[in-house]
Amino acid sequence: MIRATHTFPHGFLWGTATSSHQVEGDNTNNDWWIWEQEHGRILQDHKSGKACDWWGGRWQEDLDRAAEGGQNAHRLSIEWSRVEPSPAVWDDSALDYYRQIIKGALDCGLMPMVTLHHFTNPQWVAEQGGWLNPQIVVIFERYVRKVVNALHDLVGLWVTINEPNVYSFLAYLEGSFPPGMKDLKSLPLVIKHMVLAHAAAYHAIHEIQPDSLVGLAHHYHGFRPANPRNSLDRWLARFKSENFNNIFPRAVIDGRIRTPFWKGQVAQAVGTQDYFGLNYYTVEQCAFNPLRPLNAFQRGVYPEGADLSPTGYIANEPAGMWEALCWAHRFNLPIYITENGVEDAESAIRPRYLAAHIRQVWRAVNFNWGVRGYFHWSLVDNFEWERGWTQRFGLWALDVGTQQRRKRLSADLYAEICKANGLSSEMVAIYAPEILEEMFPPRGPVELGVSSG
Ligand code: IFM
């Protein structure tokens, strides 16, 4: 067997990512809580309920697990509805509790990366029109100032908004996130408000904490033509990528929003990223259907024979991680992989997914592309939005009823990677032997050609 290690630079961040609503439990004052109570909104009518009971104190045991697993960073989010339960009414005890959690992370050697908006809004924000209301820009900035003033001595790495493309498309076009709108005309306005809110937050954070690093967590989804020889499929893949992947990152580079139906300027947003946050999961195929051209925005399919996660939600496509890194690199900023992972209750696919994706990150590191860290989604199974508890992304399994945790095989693999600051052929041989030869090809026999002379 070839013995080799893909080594990462000293100080590389290895962590996991979580979000408030998905792990805290009892977030009764946000729009998702209300949404979950409506029949048919969530698969099998699941509810976040106590989630992983972090608000009840179980954050400590989970962060201990992360630290014992060799991680040195953790990405978590602040729940706006806890900090500001009613307009301009602040709950300082909630902020104190976040201080306790973040101090707890630091005490066990985990550098915090803190997200300020991860899909949820306080109910009062939703009632005032959510992201369609132009006031969202000032109220988001006010909330951000409150949080950053309270936490800046503990946190230096901020994500303003998680996956603004996923949020805006699912909440305002596909309708699977609250407020459940399916309105192409509203989408550009929501996008504009999100860009403006991010920009306002960026400037506010730097005013309070000039040396902080502030960015967005961009979700990159790979789109390939189902038939590369079909020009309509090729067009569809480009169209989807252009509109799903590129709108937000471009807007915060040059201040211009380019949607198919509306274009605009947001000068305040120019240069409002100190790093590029990249979430990558998978690649889908796009087949143009002339009978249903309006399906352009719907989910594509995976090719036959794809290496699928148990519910078929994610195809294991490490080449897409490379594509995503090449794309992110064009923005000329340090890169953090802010999310990457796969749902897999039995750790059947995750070990090979993990090894093959981390190998792509290592390739970029070797080109000196400034990749600073990798955050796996996720530490413990958590509430997966419209998919409820049907998908299990945790390195640790959660029994939602009893709150018992159980370590999955992938947790051991990830711990070995984090502790070694690298991925070795021995690790692949143990945890994902099925891809060992592909990742570390053995030396072939010497071809002894018969000399003709
Ligand atoms: O759970 C989500 C997370 O909240 C945002 N990115 C994708 C994850 C997996 O579905």
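Miscellaneous remarks
- Filter result (in contact with a strand residue (DSSP E or B) (Cβ under 8 Å, 6 or more places away or on another chain), more than 16 Å from the ligand (Cβ to nearest atom) and in a helix (DSSP H, G or I)) within the stretch 149-182: L151
- Some residue of the stretch 402-412 being within 16 Å of the ligand (Cβ to nearest atom), in contact with a Cys (Cβ under 8 Å, 6 or more places away or on another chain) and over 26 Å from A328 (Cβ atoms): no
- Residue match in the stretch 104-127 (condition: assigned to a loop (DSSP other than H, G, I, E, B), without any contact (Cβ under 8 Å) to a residue 60 or more places away in the chain and not polar (S, T, N, Q)): yes
- Residue count for the stretch 396-439, restricted to those that are surrounded by 20 or more Cβ atoms within 10 Å (Cβ to Cβ) and without any contact (Cβ under 8 Å) to a residue 24 or more places away in the chain: 0
- Residue among K185, K146 that is away from the ligand (no atom under 16 Å from the Cβ), under 16 Å from W131 (Cβ atoms) and either surrounded by fewer than 24 Cβ atoms within 10 Å (Cβ to Cβ) or of a type in the set (G, A, S) (or both): K185
- Options R75, R65, R41, R3; residue that is farther than 30 Å from M439 by Cβ and either in contact with a helix residue (DSSP H, G or I) (Cβ under 8 Å, 6 or more places away or on another chain) or not aromatic (F, W, Y) (or both): R41
- Members of the stretch 1-60 found to be over 27 Å from S86 (Cα atoms) and in a strand (DSSP E or B), listed by number: T5, H6, T7, L13, W14, G15, T16, A17
- Failed item, numbered, when A200 is tested on (1) away from the ligand (no atom under 16 Å from the Cβ); (2) out of contact with any Asp or Glu (no Cβ under 8 Å at 6 or more places or on another chain); (3) under 20 Å from Y275 (Cα atoms); (4) of a type outside the set (S, T, N, Q): (2)
- Residue tally, condition surrounded by fewer than 24 Cβ atoms within 10 Å (Cβ to Cβ) and in contact with a Phe, Trp or Tyr (Cβ under 6 Å, 6 or more places away or on another chain), over the stretch 341-350: 1
- Residues of the stretch 61-94 that are of a type in the set (G, A, S), within 22 Å of V144 (Cα to Cα) and assigned to a helix (DSSP H, G or I): S81, S93, A94.
- Residue within the stretch 335-354 that is among the aliphatic types (A, V, I, L, M), in contact with a helix residue (DSSP H, G or I) (Cβ under 8 Å, 6 or more places away or on another chain), more than 14 Å from the ligand (Cβ to nearest atom) and in contact (Cβ under 8 Å) with a residue 40 or more places away in the chain present: yes
- Members of the stretch 50-98 that are within 24 Å of W14 (Cβ to Cβ) and basic (K, R): R58, R65, R75
- Qualifying residue in the stretch 13-35 (condition: under 30 Å from P442 (Cβ atoms), surrounded by 17 or more Cβ atoms within 10 Å (Cβ to Cβ), modelled with pLDDT of 95 or more and touching a strand residue (DSSP E or B) at 6+ places or on another chain (Cβ under 9 Å)): yes
- Among (1) surrounded by fewer than 24 Cβ atoms within 10 Å (Cβ to Cβ); (2) under 16 Å from the mean Cα position of the chain (by Cα); (3) within 14 Å of the ligand (Cβ to nearest atom) - the single one R372 does not satisfy: (3)
- Reported count of residues in the stretch 303-324, each being more than 19 Å from the chain's Cα centre (by Cα), at pLDDT 95 or above and away from the ligand (no atom under 16 Å from the Cβ), is 3.
The values are calculated or read from the model by the stated rules, or taken from the named source; none is laboratory data. This structure is a prediction, so every number in the text was calculated from the model and none was measured. All Cβ positions, glycine included, derive from the backbone under ideal geometry; neighbour counts span all protein chains shown.
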